[in-house]
1. Name every residue in region 29-70 that is at pLDDT 65 or above and among the aromatic types (Phe, Trp, Tyr), in order of residue number.
2. Just name the residue that is most open to solvent (accessible area, probe 1.4 Å) out of those in region 1-32 that are farther than 14 Å from Ala43 by Cβ and among the aromatic types (Phe, Trp, Tyr).
3. Considering only region 8-47, how many residues are among the charged types (D, E, K, R), in a loop (DSSP other than H, G, I, E, B) and under 13 Å from the mean Cα position of the chain (by Cα)?
Amino acid sequence: MKCRRGFEIKAYHSAAGWYLGTHDEMGFPQCRISGYAKTEDEAYHLPLTREYAEENRYCHFNAGCIEREE
């Protein structure tokens, strides 16, 4: 799955735990689109929400990384 900007959505690890998000071509975090999990596997089962996508100012200019599937 890719975000609106074309970056692959994957599980990443931070000090707070594992989350789903995107990194740019240089490896810098672009956005987080989930809450946090204790493991990488658990992160892939987290719901994707606009709440987290909108929290990051780099995430499609606060328009949200993910498109809603109707």
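1. Scanning region 29-70 gives Tyr36, Tyr44.
2. Phe28
3. In the first step, residues of region 8-47 are kept if they are among the charged types (D, E, K, R); the result is 8, 10, 24-25, 32, 38, 40-42.
Checking which are in a loop (DSSP other than H, G, I, E, B) leaves us with 24-25, 38.
Next, only the ones that are under 13 Å from the mean Cα position of the chain (by Cα) stay: 24.
Selection size over region 8-47: 1.
The values are calculated or read from the model by the stated rules, or taken from the named source; none is laboratory data. No experiment lies behind these values; they were computed from the predicted model shown. Every residue, glycine among them, receives a Cβ derived from its backbone with ideal geometry; neighbour counts consider all protein chains shown. With ligands, DNA and RNA removed, areas are computed over all heavy atoms of the protein, side chains included. Shrake-Rupley method; radii C 1.70, N 1.55, O 1.52, S 1.80 Å.
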